[in-house]
């Protein structure tokens, strides 16, 4: 049996009643929206700058200079801060996942950072000197900014899509086999079109905010910006392509297998459909003028579509953070059996905060098991709380359902501990549901532990039923 001392433990932070996924997810949605806005905005400004230089849009230069200052303010300040915040939060929530991503794609991350630096330099140069430059220099700086921003997306997209569809990396451990994975191209094209859509919607808001443009000038700029909404007609085809490239069980989560994911999936589709219909019939065909209120509403729908899409993208990886390699609780597939033999928290070096408030050592053990195996996705009595999810279960049902967790919910990882740890977790839940009394009996019935062991053995260490077709998988 492998030595459990080799297992890497990390400090686990508590976010109170907030589920950790909500914290990183909320920050991530905001960051992605800003990043995609910056990419699409760069391309839109290149387009309008070119129209202005050719005399087809007399107010384009006024718009570009004003719009880009807003773009710089958002992407360079808030976007940069949320980007750093994403790294900081991710390292706290799932350090082992981040470590694996950095280990496997070290030089790709470094390449992405060079493009990010180029984006910053070219963007700042245009912000500072753009109004004094000749037409060719202005267009060159804008094109350089857009290319740098889009290639940042290119590199990051490969790493993020690898988490769900690792492709040939699973067998070869090839960096490029993982980077150019089955969902790489559909997700990259989809994100590019999304970036153009967000930029066009924000542009409509900005155009309405320029004080010295008359109605006809605003209508002309809005109709020119709305051309960036035309590629939305490809989104249904790209959605089908993307869903055909991801594993069948991942598709099942958004098609009714998981209520929350299905609802967010419908949110994304509904918001995108409303924007697309209005863009096609109102802006592109009838060339309507839209006021600031309507433009703001469309932009809000764009944010809702982004939120729905990002929630689904993260959720369909369950029960993994890196498919067939690392579970959502940062345990590798091949480590489940080892931790069931020695215990998942036997060598956990980090003490409990406020350990004296728990009534006995068994409950304290249960708290450590919860902290190590469950807390990344659940709270005790806050968002996505274990207490609420298990409220209809009897004590015996808690024992069986936790021991056979990957069968209870196939998007959950297998329980990775001993029967004693399983019982300790059950007693912790029972104690909390009883309003945390000062005294609590210790449960050490040998027959109970034997039943739990039987359930553990019966469930095995493989993922849930949706993954049983992967019988040839080697332990990792």
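Structure values in brief
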quantity	calculated
Residue 41 being over 30 Å from residue 387 (Cβ atoms) and either touching a strand residue (DSSP E or B) at 6+ places or on another chain (Cβ under 9 Å) or modelled with pLDDT of 85 or more (or both)	yes
Filtered residue count, region 295-344, keeping only those that are in a helix (DSSP H, G or I) and either in contact (Cβ under 8 Å) with a residue 24 or more places away in the chain or closer than 21 Å to residue 166 by Cβ (or both)	29
Selected residue [closer than 30 Å to residue 381 by Cβ, surrounded by fewer than 17 Cβ atoms within 10 Å (Cβ to Cβ) and assigned by TED's automatic domain parsing to the domain that holds residue 304] from 55, 26	26
Filter pass, residue 67 being surrounded by 15 or more Cβ atoms within 10 Å (Cβ to Cβ) and not assigned by TED's automatic domain parsing to the domain that holds residue 126	no
Where residue 366 falls short, out of the listed (1) buried (at least 18 other Cβ atoms within 10 Å of the Cβ); (2) part of a loop (DSSP other than H, G, I, E, B)	(2)
Flag for residue 153 being in contact with a strand residue (DSSP E or B) (Cβ under 9 Å, 6 or more places away or on another chain) and within 18 Å of residue 310 (Cα to Cα)	no
Unmet requirement for residue 181, which otherwise passes all of (1) in a helix (DSSP H, G or I); (2) touching a helix residue (DSSP H, G or I) at 6+ places or on another chain (Cβ under 9 Å); (3) without any contact (Cβ under 8 Å) to a residue 40 or more places away in the chain	(1)
Candidate set: region 283-295, residues that are surrounded by fewer than 16 Cβ atoms within 10 Å (Cβ to Cβ) and touching a helix residue (DSSP H, G or I) at 6+ places or on another chain (Cβ under 9 Å); chosen: the one modelled with the highest pLDDT	293
Residue in region 59-79 that is outside any loop (DSSP other than H, G, I, E, B) and under 27 Å from residue 19 (Cβ atoms) present	yes
Test set (1) within 30 Å of residue 12 (Cβ to Cβ); (2) at pLDDT below 90; (3) touching a helix residue (DSSP H, G or I) at 6+ places or on another chain (Cβ under 8 Å) - residue 75 fails condition number	(1)
Region 4-21, subset assigned to a helix (DSSP H, G or I) and surrounded by 17 or more Cβ atoms within 10 Å (Cβ to Cβ), residue modelled with the lowest pLDDT	21
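The values are calculated or read from the model by the stated rules, or taken from the named source; none is laboratory data. Predicted model, so just to flag it, every value in this text is computed and none were measured. Ideal geometry is used to build each Cβ from the backbone, glycine not excepted, and the neighbour counts take in all protein chains shown.
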